[in-house]
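Trainee: My structure is below; once you've seen it, I'll send some questions.
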Amino acid sequence: MMPVLEAHALRKVYTGGDGNLIEVLSGVDLAVSRGEFVAIVGASGAGKSTLLHLLGALDQPTSGEVRLDGQIFAQQSEERLAEIRNRKLGFVFQFHHLLREFSALENVMLPLLIAGSTDAAARSKAEELLAAVGLAGRMTHRPAALSGGEQQRVAVARALATDPVVVLADEPSGNLDHHNSERLHELFATLARKFETALVVVTHNRLLAGRADRVLAVEEGKLVEHPGLEAMPS
């Protein structure tokens with residue numbers, strides 16, 4: 001299959017407090033196809049979250065390029081990049097960032113309304129997604145009335161709302177207990193295939209990484225096949 005997300009020779013260099021340059025990424029190449037689940041692992045500080053931010057157009061590389069669905073980020077205006085983030089990318093973070101004054105349903109509807117959907121269309125799609133993540137009976141609850149695992153499943157439904165080309169997740173189960181982590185891991189593996197959305201997850205969790213189609217590691221600024229963690233069979 002043709003890749004929907006590509007990174008070519010990505011470098012990211014920061015200036016440290018002492019004025020010296022710190023090269024976090026030194027030539028990362030990546031290609032992810034529709035419906036593929038890719039896990040990225042590595043030591044703390046290796047550059048995993050930095051890479052995810054570049055793939056999500058939340059930061060710019062020092063050099064190299066990211067291409068999503070044929071569009072090169074560096075060639076887009078800030079306004080166009082904001083539109084790409086809203087319409088073509090979904091994000092799930094360790095902390096779900098739900099709007100606490102809104103219900104689960106309203107939280108999932110919000111990106112659809114921002115994208116121009118009618119209220120009726122947004123409501124119908126949000127209901128479908130919340131049912132898909134097992135929250136059909138919890139749609140009217142606000143985040144404070146939901147468990148941590150339920151809140152994270154709302155965040156997953158919200159990330160899928162606009163039918164994104166790619167969903168990017170950064171330590172999505174890092175704040176959950178074992179039971180809720182396992183439920184979320186199963187959900188990710190299922191939804192990537194059901195919605196044919198490419199899924200790239202940064203994680204320290206071996207069980208989550210083991211559910212991926214491919215496991216890659218950030219080592220010495222590069223992205224390499226991970227030899228020590230076999231993906232579980234589908």
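Trainee: Would you say A57 is under 27 Å from V224 (Cβ atoms), modelled with pLDDT under 90 and either within 13 Å of the chain's Cα centre (by Cα) or in a loop (DSSP other than H, G, I, E, B) (or both)?
Mentor: Working: under 27 Å from V224 (Cβ atoms): yes; modelled with pLDDT under 90: no; either within 13 Å of the chain's Cα centre (by Cα) or in a loop (DSSP other than H, G, I, E, B) (or both): yes.
In short, no.
Trainee: For segment 149-194, which positions are of a type outside the set (S, T, Y), surrounded by fewer than 17 Cβ atoms within 10 Å (Cβ to Cβ) and part of a helix (DSSP H, G or I)? Break it down stepwise before answering.
Mentor: Kept after step one, since they are of a type outside the set (S, T, Y), are these residues of segment 149-194: 149-161, 163-172, 174-180, 182-189, 191-194.
Filter once more, keeping what is surrounded by fewer than 17 Cβ atoms within 10 Å (Cβ to Cβ): 163, 174-175, 177-179, 186, 193-194.
Once the filter is applied, which keeps residues that are of a type outside the set (S, T, Y), surrounded by fewer than 17 Cβ atoms within 10 Å (Cβ to Cβ) and part of a helix (DSSP H, G or I), segment 149-194 yields H178, H179, E186, R193, K194.
Trainee: Filter segment 64-78 for residues that are in contact with a strand residue (DSSP E or B) (Cβ under 6 Å, 6 or more places away or on another chain) and either surrounded by 15 or more Cβ atoms within 10 Å (Cβ to Cβ) or in contact (Cβ under 8 Å) with a residue 60 or more places away in the chain (or both); which is farthest from V218 (Cα to Cα)?
Mentor: D69
Trainee: With respect to V92, is the statement that it is in a helix (DSSP H, G or I), of a type in the set (A, V, I, L, M), under 17 Å from the mean Cα position of the chain (by Cα) and under 23 Å from V200 (Cα atoms) true? Spell out the reasoning first.
Mentor: Numbers: in a helix (DSSP H, G or I): no; of a type in the set (A, V, I, L, M): yes; under 17 Å from the mean Cα position of the chain (by Cα): yes; under 23 Å from V200 (Cα atoms): yes.
Considered against the rule, which asks whether it is in a helix (DSSP H, G or I), of a type in the set (A, V, I, L, M), under 17 Å from the mean Cα position of the chain (by Cα) and under 23 Å from V200 (Cα atoms), V92 comes out as no.
Trainee: Given the criteria among the small types (G, A, S), under 24 Å from D163 (Cβ atoms) and under 14 Å from the mean Cα position of the chain (by Cα), does G70 qualify? Break it down into steps so the answer makes sense when it comes.
Mentor: On the way: among the small types (G, A, S): yes; under 24 Å from D163 (Cβ atoms): yes; under 14 Å from the mean Cα position of the chain (by Cα): no.
For G70, the condition - among the small types (G, A, S), under 24 Å from D163 (Cβ atoms) and under 14 Å from the mean Cα position of the chain (by Cα) - is not met.
Trainee: Now for a different question. Can you tell me which residues in segment 103-143 are surrounded by fewer than 20 Cβ atoms within 10 Å (Cβ to Cβ), β-branched (V, I, T) and at pLDDT below 95?
Mentor: Within segment 103-143, I114 is the sole residue that qualifies.
Trainee: Within segment 1-46, count every residue that is exposed (fewer than 14 other Cβ atoms within 10 Å of the Cβ) and within 22 Å of D163 (Cα to Cα).
Mentor: Within segment 1-46, residues that are exposed (fewer than 14 other Cβ atoms within 10 Å of the Cβ) and within 22 Å of D163 (Cα to Cα) number 2.
The values are calculated or read from the model by the stated rules, or taken from the named source; none is laboratory data. Given the structure is predicted, the values throughout are model-derived calculations rather than measurements. All Cβ positions, glycine included, derive from the backbone under ideal geometry; neighbour counts span all protein chains shown.
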